[in-house]
Amino acid sequence: MSLKYAVIFERAENNWAAYVPDLPGCITTGKTLDGTESNIQEAISGHIRTLREFGEPVPAPVSLAREIEVPPAA
């Protein structure tokens, strides 16, 4: 059974960053959004693998990210 974790992507001046709220310390960067998405998939897999190797519990995915549209400020 696969797990689905919420990932937050942030645009920086020269690159992208991503982190997983439910997996503290699971972060990555990349030059492009696609590259960063690929990197965070790898980071999540490695993070979970490491937790299991050390006998630590794997946090359940409980966070949810959604875009909320708001009107422009007057």
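What follows is calculated from the coordinates using simple rules that are stated; it is not laboratory data. Here the structure is a predicted model, which means the values were calculated and not measured. With ideal geometry, Cβ positions are generated from the backbone for all residues, glycine too; neighbour counts draw on all protein chains shown.
Tabulated results
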{"item": "Inter-site label distance for SER63 and ARG11 at 7 Å from Cα along Cβ, in nm", "result": "2.1 nm"}
{"item": "Added length on full extension, which subtracts the Cα-Cα distance from 0.36 nm per residue, ASP22 to ARG49", "result": "8.2 nm"}
{"item": "Residue among ALA17, THR50, VAL70 farthest towards the positive dipole end of the chain, charges placed on Cβ", "result": "THR50"}
{"item": "Value of [θ]222 nm, deg cm²/dmol, for the chain, DSSP H segments ≥ 4, -39500 (n - 2.57) each, nearest 500", "result": "-10000 deg cm²/dmol"}
{"item": "Å³ per residue enclosed by the Cα convex hull of the chain", "result": "123 Å³"}
{"item": "Gain upon complete extension [LEU3, SER38; 0.36 nm per residue less C-alpha separation]", "result": "11.0 nm"}
